[in-house]
Structure formats: structure tokens, C-alpha cells
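Taken together, the values in this text are just the output of simple stated rules run on the coordinates, not laboratory data. Note that the structure is a prediction, hence the values are computed from the model and not measured. Glycine gets a Cβ as well: all are built from the backbone with ideal geometry, and neighbour counts include every protein chain shown.
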Amino acid sequence: MSDNSFFREVDEAVRHDQYKRLWDRFGVYIIVFAAVLIAGVAGYKGWSFWKERESQRAGAEFVQAMVLENESDPAKATEAFETLADDGPHGYRVLSRFQLAAAQAKAGETDNAVTAYDALATDGGVDPILQGLATLQAATLRLDKADYAEMERRLKGLIEGNTAWRFSARELLGLSAYQHKNMRTAEEQFSALLGDQGTPPNMRDRANMMLALIVSSAPAQSSSTTN
């Protein structure tokens with residue numbers, strides 16, 4: 001036997017003895033850890049499968065509720081949306097709450113609809129984009145009854161910064177100011193829309209139309225004030 005072969009055999013024997021001692025000491029823990037790991041992977045796979053099934057089920061129920069609302073039975077649609085709003089996956093809970101608020105507005109239950117939209121707008125679990133939409137919906141429903149101070153309080157957060165809803169918020173503020181004959185503020189809001197490069201073309205057209213109305217009403221207001 002060569003020296004190299006002898007040393008290899010000794011080295012293997014030493015390592016085998018070390019592995020045996022390690023196994024005797026930690027073998028049970030290794031088995032337990034492996035079992036826990038396998039159970040964890042299986043549990044995660046099962047949970048993912050269940051979540052996917054629940055999401056598919058909720059999606060089908062949401063679509064069916066939309067069909068009921070648009071075609072045949074609004075009462076059953078409301079019942080279905082209420083169930084999803086209470087027990088559905090998070091995304092469908094939020095969408096169902098929007099549908100319920102819209103149904104209340106359509107039925108003339110304006111105060112209830114505003115309350116529902118306000119709840120969505122202040123719910124920290126709702127996506128900020130959808131919070132902004134809820135804020136706009138509530139403000140739109142309040143436009144005919146609220147004074148300008150209330151509208152400004154509701155919409156101020158949307159016109160500050162670069163939010164996606166700033167155009168609609170400014171338009172509502174301009175309409176509120178015009179409605180309360182605050183022409184200077186109305187002009188400022190509609191002019192701000194024209195000065196924003198991101199303003200959509202249709203909204204830009206409406207802003208130009210409102211500014212023309214404001215200008216045309218100025219002589220009449222001046223004459224009324226003089227008399």
C-alpha cells in the first residue's frame with residue numbers, strides 16, 4: 001500500500017467517525033427540521049391553492065352580481081355584493097363596497113352613498129388610487145348641497161402634488177365656485193386646468209367653455225353691482 005493510499009484511508013476513517021458522532025448528537029434534530037420544512041412547503045402550496053380557488057370563486061360571484069345589477073335583479077345583486085364586501089378576498093371586498101355605494105347613489109340614497117364613499121376614502125387598507133376615486137365620488141354627490149369650503153376641504157388633498165385625480169378635483173372645485181358665484185376662484189381653478197400640461201383634452205375643452213361663461217357673466221355681474 002502506498003503512503004498516499006494509507007493517508008486517504010486514515011482521513012476517510014476520521015471523517016466517518018466525525019460524521020457518526022455528529023449524527024448521534026444532532027440526527028434527531030435534522031430529521032425534525034426536514035419534516036418541518038416539508039410540512040411548511042406542503043402547507044404553503046396548499047394555502048396558495050386555496051387562495052387561488054377563493055379568488056376565482058369571488059371573481060365569478062362578482063361578475064354574476066354585476067350581471068344581476070345590470071340586467072335583472074338589483075336586489076339580489078346588492079345581496080351578493082354585501083356578501084363579498086363582508087367575506088370576499090380583499091380586492092373584491094373593496095370593489096363590492098364601491099358597487100354598493102354606487103347602487104345607493106343610483107337609488108337616491110345620497111347621504112348613505114356619501115357615507116360609504118367617505119369610509120372608503122379614509123380606509124388605510126384601500127389602495128391610494130381607489131381612495132382618491134372614493135373622495136371624488138363623495139364630493140360629486142355633495143356638489144349641489146355643499147358650500148365651497150366643504151368642497152375645498154374634501155378635495156384639497158387631491159389637487160396638491162401630482163395625483164392622478166387632480167384634474168377632476170379642480171374641475172369640481174371650479175364648478176362649486178361658479179355655482180356659488182365666486183367667479184374669481186372659479187376662474188383660478190379652470191385656468192389652472194388649462195395651465196396643466198397633463199389635463200385631458202375633453203376636460204380642457206370644458207375648462208375653456210367655463211372660462212367663456214365666466215367672462216360673459218362679468219358685465220352682468222358688474223351692472224348688477226352698480227345698480
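Things to note:
- Using R0 = 25 Å, the C-beta based FRET efficiency linking Asp87 and Lys145 works out to 0.15.
- The 3J(HN,Hα) values that the Karplus relation (6.51, -1.76, 1.60; θ = phi - 60°) gives for the stretch 85-97 are, in residue order, 5, 8, 10, x, x, 3, x, 6, 4, 5, 4, 5, 5 Hz. Gly and Pro appear as x.
- Charge dipole (Cα centre; +1 on Lys/Arg Cβ, -1 on Asp/Glu Cβ; no other charges) of the stretch 104-185 amounts to roughly 340 debye.
- Segment Ala102-Asn182, length gained on full extension (0.36 nm per residue, minus Cα span): 25.8 nm
- The stretch 122-200: trypsin sites (Lys or Arg not before Pro) in DSSP coil with no more than 11 other Cβ atoms inside 10 Å: Lys145, Lys181
- Classified by the C-alpha gyration tensor, the stretch 70-138 has an oblate form. Its axis ratio a/c, with a ≥ b ≥ c, is 1.5 or above, and a/b does not exceed b/c.
- Summed residue charge, Cβ within 12 Å of Leu143's Cβ, Lys/Arg positive, Asp/Glu negative: -1
- Cα shape, the stretch 147-217, gyration tensor, a/c 1.5 rule: oblate
- With Cα atoms defining each centre, the stretch 156-214 and the stretch 82-103 are spaced 32 Å apart in the structure.
- If R0 equals 30 Å, the separation of the Cβ atoms of Lys156 and Ala119 corresponds to a calculated FRET efficiency of about 0.95.
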